Amino acid sequence: MFSMLFLYLVLIGSFFIGFRKMPVFLEKEMVPRTGFSLVVVYRNEAENLPELLNSIVALDYPRELFEVFLVNDHSEDASVGICERYAKDFPEIRFQLLNAESSLSPKKDAIFLAAGKARFEYLTITDADCLLPSQWLRNFDQLLQEESPVLIAGPVGFRHAMSVGFSEAFEEIDFLSLQGSTIGGFGMNKPFMCNSANLCYRKSAYLHLQQQRRDLGIASGDDVFLLQHFLQHQLPVSFVKSEKSIVQTGFQKSFQQLFWQRVRWAAKTSAYPDAFGKIVAIVVFFTNLMTVTWFFLAVLQFWNFQLVFGMILAKFLVDFPLIAVTAKFFRRRAVLQSYWWAAVIYPFFSTAVALRSVFGGYYWKGRPFKR
């Protein structure tokens, strides 16, 4: 029990050190050379697509060096019409509208469909509820010219973050911990996680690995599994730690939707090909489970309350520096005022998510998925 807590403290402390070690990306004036095929898979995103497409139109990058694939995953709203209108209104941008086939892993198969039609060597992936920074492709291009990685991950934050209620504050604190761990992992040369809202990778390497991947029947994980497969083949990966590369995503509309999103993310962890990623998941799960157990044992007076309080406080205190340094990078230090109550709720939330992901399926965008 104490050894698990010790492992957790060492792990989170290492991510904090890794975050600080990860150099900030310095933009330079360079002639763009890289061609990008931008892929967006959408389902019932009529509310969000106009803002995403406006940010694509506003990208500061030569029009002849990128194209945009908009892949419809069986939308039942006005999403398709919105995409068609933008393709007509902005003929200088090469929009391609595709329809995904039904499958067990719709997003992965939709990306594969677009990759087969892409004219450029690098695929850039984002989500339909995101806003792209104008420098997005320029920063990818600069890093590719300087280092030639096979995959580049980027930071993801929240849009409309000034109007934060209970659910949004909790989600943002949780997400900051994930972003901090992601960047910290890259900083300590042990990357294990990334986010497909902000991702770029080499098409030829992606297609080469498709036949060797064992996760294609798993609905989620188009980002993490690909990263870990690249690492298994000792291919170079990188992270662009820049404020001007932050892709902004939206909050979940309810606490219930947040729960299902986290179940979807957690459901794939047992299939991670990378041992370090599995170790992180196991240590985090059992630490949160023990925190919940300690709490109830103390309430029932089976354990000394002072001892339990001390162990839980140690966890809270090691979590806070990582979340704080991440919030500073994202210019979201104001949300830290919600940290303490979010930290109290989080072990219960995380344990429920993990148990549900192991013993049941989940719902996402109106469809049931099996684990």
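Here are a few things to note about the model shown:
- Selected residue (criterion: surrounded by the fewest Cβ atoms within 10 Å (Cβ to Cβ)) from residues of segment 30-52 that are farther than 13 Å from LEU123 by Cα, out of contact with any Lys or Arg (no Cβ under 9 Å at 6 or more places or on another chain) and of a type in the set (A, V, I, L, M, F, W, C): VAL31
- For the residues ASN139, ASN189, ASN198, the requirement of being of a type outside the set (Phe, Trp, Tyr) and on the phi > 0 side of the Ramachandran plot singles out ASN189.
- Near pairs, Cβ below 6 angstrom, 6+ apart or cross-chain, from segment 137-152 (within 11 Å of VAL237 (Cβ to Cβ) and in the same structural domain as LEU199 (by TED's automatic domain parsing)) to any residue that is among the basic types (Lys, Arg) and not in a helix (DSSP H, G or I): VAL150/ARG202
- Qualifying residues in segment 3-25 (those that are free of Cβ contacts under 8 Å to residues at least 60 places away in the same chain and under 12 Å from THR287 (Cα atoms)) - the one nearest to the chain's Cα centre (by Cα): PHE6
- Failed item, numbered, when ALA275 is tested on (1) surrounded by 14 or more Cβ atoms within 10 Å (Cβ to Cβ); (2) closer than 29 Å to LYS190 by Cβ: (1)
- Filtered residue count, segment 326-335, keeping only those that are surrounded by fewer than 18 Cβ atoms within 10 Å (Cβ to Cβ) and in contact with a helix residue (DSSP H, G or I) (Cβ under 6 Å, 6 or more places away or on another chain): 1
- Considering segment 243-269, the residues that are in contact (Cβ under 8 Å) with a residue 24 or more places away in the chain and among the polar types (S, T, N, Q) include one that is farthest from PHE225 (Cα to Cα), namely SER254.
- When segment 54-78 is filtered for residues that are of a type in the set (Phe, Trp, Tyr) and free of Cβ contacts under 8 Å to residues at least 60 places away in the same chain, only PHE69 remains.
- Neighbours by Cβ (under 8 Å, 6+ apart or cross-chain): first from segment 96-119, β-branched (Val, Ile, Thr); second surrounded by 17 or more Cβ atoms within 10 Å (Cβ to Cβ): ILE111/VAL39; ILE111/VAL41; ILE111/VAL71; ILE111/LEU123; ILE111/ILE125; ILE111/ASP222
- Residue in segment 210-238 that is surrounded by the fewest Cβ atoms within 10 Å (Cβ to Cβ), counting only those that are of a type in the set (S, T, N, Q) and at pLDDT below 90: GLN211
- Here VAL263 clears all of (1) crowded, with 22+ Cβ neighbours inside 10 Å; (2) modelled with pLDDT under 95; (3) part of a loop (DSSP other than H, G, I, E, B) except the condition numbered (3).
- Among the residues of segment 71-111, the one identified as of a type in the set (Val, Ile, Thr) and in a loop (DSSP other than H, G, I, E, B) is ILE93.
- Residues (among the aliphatic types (A, V, I, L, M), over 20 Å from LEU231 (Cα atoms) and assigned to a helix (DSSP H, G or I)) located in segment 112-161: LEU113, ALA114, ALA115, LEU137
- Condition met for LYS253 (surrounded by fewer than 17 Cβ atoms within 10 Å (Cβ to Cβ), at pLDDT 80 or above and not in a helix (DSSP H, G or I)): yes
The values are calculated or read from the model by the stated rules, or taken from the named source; none is laboratory data. Since we're looking at a predicted model, the values are computed, not measured. Cβ coordinates were reconstructed from backbone atoms using ideal geometry, including for glycine residues, and neighbour counts include every protein chain displayed.
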